[in-house]
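Enquirer: Once you've had a glance at the structure underneath, I'll fire off some questions.
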Amino acid sequence: RNKLELGVIYTNQSYDFFSEYYNFNKNEWIKELEEKGNLSYIQGYGSWKHRLSENLTLVGGAHYLQLSLNKSFSLEPRISAKWELAKKHTLTAGFGVHSKIESLLSYFATIEESNGGYITPNKNLDLTKANHYVLGYDYSIDKNTHAKIEGYYQKLYNVPISADTNSYYSTINSSDWYNNIALSNEGSGENYGVELTLERFFSKNFYYLFSGSVYS
């Protein structure tokens, strides 16, 4: 009736960034980025799965993430439930807080000051976070095939956006590339949608998976 999981994940990354461009007004090459080194992040997690009855299962737990670059961290609660209404019908629900490390390039943005010096204002960026809510219904068509519909809502916060109030720049709307922009964790956003899945498990030498989503 009970299952306990505990774990730790340690990740180490090496980076070597270099970027320069030619300034025709000054008639010289301008070095805008040169960073080399290592950073790491550690994740810890624990979950407890408890079967309350033959038809109802609960899973609760927490996830921890810390980035060595600036010691930013996040402790994230998560919980889900699975309720088998009848032999072929199952309801699922879940809630969790999830955090995200930005592209390493964002942390090393280098900005020239009026006195000719350079600063890296984004090294202390906090983690981007989101609250995830999920509600689903699963129907077993036969022993090898099932269909599932799932609705979800994600509320994002702590999103890095431009510190310039006249700018619309946000990391959730940008590609994974380098931008010389001072950022602050003042942004927010949201995603919501519905996903439909039709899946046949491997049997008699074939399987398939069809999935589609409508979201905003």
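Enquirer: Checking the conditions here, which among T197, T171 is closer than 22 Å to L91 by Cα, surrounded by 14 or more Cβ atoms within 10 Å (Cβ to Cβ) and of a type in the set (S, T, Y)? So that I can check it myself, show each step before the final result.
Expert: Details: T171 fails: closer than 22 Å to L91 by Cα.
None of the others qualify; the one that does is T197.
Enquirer: Regarding T128, is this residue surrounded by 16 or more Cβ atoms within 10 Å (Cβ to Cβ), more than 22 Å from E190 (Cα to Cα), polar (S, T, N, Q) and modelled with pLDDT of 95 or more? Steps first, please.
Expert: Working: surrounded by 16 or more Cβ atoms within 10 Å (Cβ to Cβ): yes; more than 22 Å from E190 (Cα to Cα): no; polar (S, T, N, Q): yes; modelled with pLDDT of 95 or more: yes.
No: the conditions fail for T128.
Enquirer: Something else about it: On the basis of being exposed (fewer than 15 other Cβ atoms within 10 Å of the Cβ) and of a type outside the set (F, W, Y), does G151 make the cut?
Expert: On the way: exposed (fewer than 15 other Cβ atoms within 10 Å of the Cβ): yes; of a type outside the set (F, W, Y): yes.
In short, yes.
Enquirer: Taking the stated definitions as given, is E54 within 30 Å of G116 (Cα to Cα), more than 23 Å from the chain's Cα centre (by Cα) and open to solvent by 70 Å² or more (accessible area, probe 1.4 Å)?
Expert: On the way: within 30 Å of G116 (Cα to Cα): no; more than 23 Å from the chain's Cα centre (by Cα): yes; open to solvent by 70 Å² or more (accessible area, probe 1.4 Å): yes.
When the stated conditions are applied, E54 does not pass them.
Enquirer: Separate question: Out of the residues in the stretch 200-216 meeting the condition of being of a type outside the set (G, A, S) and not in a strand (DSSP E or B), tell me which one is most open to solvent (accessible area, probe 1.4 Å).
Expert: If we filter the stretch 200-216 for residues that are of a type outside the set (G, A, S), which is where we start, we get 200-202, 204-210, 214-215.
Filter again for not in a strand (DSSP E or B), leaving 204-205.
On the way: K204: 173, N205: 136 Å².
In this case the residue turns out to be K204.
Enquirer: May I pose another question? Restricting the stretch 1-25 to residues that are among the polar types (S, T, N, Q), farther than 16 Å from S68 by Cα and part of a strand (DSSP E or B), which is most open to solvent (accessible area, probe 1.4 Å)?
Expert: Here is the first cut: in the stretch 1-25, the ones among the polar types (S, T, N, Q) are 2, 11-14, 19, 23, 25.
Among the residues that remain, those that are also farther than 16 Å from S68 by Cα are: 2, 19, 23, 25.
Still in the list and also part of a strand (DSSP E or B): 2, 19, 23.
On the way: N2: 97, S19: 24, N23: 32 Å².
Within the stretch 1-25, the match that is most open to solvent (accessible area, probe 1.4 Å) is N2.
Enquirer: So if I check each of E35, E28, E76, which one is open to solvent by less than 50 Å² (accessible area, probe 1.4 Å), closer than 24 Å to L105 by Cβ and acidic (D, E)? Full working, then the answer.
Expert: Values: E28 fails: open to solvent by less than 50 Å² (accessible area, probe 1.4 Å); E76 fails: closer than 24 Å to L105 by Cβ.
Of the residues listed, the single one that is open to solvent by less than 50 Å² (accessible area, probe 1.4 Å), closer than 24 Å to L105 by Cβ and acidic (D, E) is E35.
Enquirer: Determine if the stretch 178-187 includes at least one residue that is open to solvent by 90 Å² or more (accessible area, probe 1.4 Å), over 18 Å from I111 (Cα atoms) and either among the hydroxyl-bearing types (S, T, Y) or in contact (Cβ under 8 Å) with a residue 60 or more places away in the chain (or both).
Expert: Step one: of the stretch 178-187, the residues open to solvent by 90 Å² or more (accessible area, probe 1.4 Å) are 186.
Narrowing the set further to residues that are over 18 Å from I111 (Cα atoms) leaves 186.
If we keep only those that are either among the hydroxyl-bearing types (S, T, Y) or in contact (Cβ under 8 Å) with a residue 60 or more places away in the chain (or both) as well, we get none.
No, because not a single residue in the stretch 178-187 is open to solvent by 90 Å² or more (accessible area, probe 1.4 Å), over 18 Å from I111 (Cα atoms) and either among the hydroxyl-bearing types (S, T, Y) or in contact (Cβ under 8 Å) with a residue 60 or more places away in the chain (or both).
Enquirer: Here is a follow-up. Which of (1) out of contact with any Lys or Arg (no Cβ under 8 Å at 6 or more places or on another chain); (2) assigned to a strand (DSSP E or B); (3) acidic (D, E) is the odd one out, the single condition D126 does not satisfy?
Expert: (2)
Enquirer: Only one residue in A109, A81, A86 is open to solvent by 40 Å² or more (accessible area, probe 1.4 Å), out of contact with any helix residue (DSSP H, G or I) (no Cβ under 6 Å at 6 or more places or on another chain) and among the aliphatic types (A, V, I, L, M), so which one is that? Explain how you work it out, then say what you get.
Expert: On the way: A109 fails: open to solvent by 40 Å² or more (accessible area, probe 1.4 Å); A81 fails: open to solvent by 40 Å² or more (accessible area, probe 1.4 Å).
Answer to the selection: A86.
The values are calculated or read from the model by the stated rules, or taken from the named source; none is laboratory data. Here the structure is a predicted model, which is why all the values come from computation and not from measurement. Cβ sites come from the backbone with ideal geometry, for glycine too, and all protein chains shown count toward neighbours. Just so you know, the surface numbers come from the protein's heavy atoms only, side chains and all, with ligands and any DNA or RNA stripped out. Shrake-Rupley method; radii C 1.70, N 1.55, O 1.52, S 1.80 Å.
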